[in-house]
Amino acid sequence: MFVAKDCDFINALSETEHDQEKGCIQLRRSKLESYEAILEALVKKPQPVDRIAYETDMDCTVLCKRLGFLVENGLVEERPLPKDTNYAITDRGVAVVKTLNFRRYLERVSNTLSAIDDAMQTLPIISRDYKEQSEEQNEKY
C-alpha cells in the first residue's frame, strides 16, 4: 500500500479530517499489489475468504474477484469444507511469490547501489572543496 506523506495538495483531497490530521493518505492498491497480498497471506496456510480479507485489508467483493482470477490461472485452489471454502496457494503460486519477492530484493539492491554510486561521485567533490578551504585558511595565517 502506498502512503503519501507531507503533501499539502494530497491532504486537501482527503475526505476526512482524521486523514488530514495524520498528515497522510492511503492511495488505492493496484491489482498486482492485491494479487501479491493475497498470495502472501495464503503462503502461511489455507484460509477462508473472510480471513484473507482481514489479513489483506481488502473488501470481500473485490477479494472474491481477485481470488477468481488467481484460481483461473492456477495460482490458488479452492478447498471446499462442510461450512466454508478455504483457499490455498498452489506450487505455481508459490513460484510467483518467490519471483515477486526476488524482484523486490533486486530493486532494493539497485537502489542501494545507486545511492553508493551517488556518494562515490560526491566524495571527490567534497574532498576537493575541503582541500581548497584548508589551503585558503593556511594562506590567511
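Every read-out reported here was derived from the displayed coordinates using simple, explicitly stated rules and does not represent laboratory data. All figures in this text were calculated on a predicted structure; none of them were measured in a lab. Note that each Cβ is placed from the backbone with ideal geometry, even for glycine, and that neighbours are counted across all protein chains shown.
Only one entry in D84, D129, D117, D91 is within 30 Å of R28 (Cβ to Cβ) and of a type outside the set (A, V, I, L, M, F, W, C), namely D84.
Here Y105 clears all of (1) part of a helix (DSSP H, G or I); (2) closer than 21 Å to K31 by Cβ except the condition numbered (2). Residues of segment 94-141 that are more than 30 Å from S34 (Cα to Cα) and among the basic types (K, R): R128, K131, K140. Picking from residues in segment 54-84 that are β-branched (V, I, T) and touching a residue at least 24 places away in the same chain (Cβ under 8 Å), the one that is farthest from I38 (Cα to Cα) is V62. Of the residues screened, T85 is one that is among the polar types (S, T, N, Q) and touching a strand residue (DSSP E or B) at 6+ places or on another chain (Cβ under 9 Å).
If you check Y105, Y130 for being under 20 Å from the mean Cα position of the chain (by Cα) and among the aromatic types (F, W, Y), only one passes: Y105.
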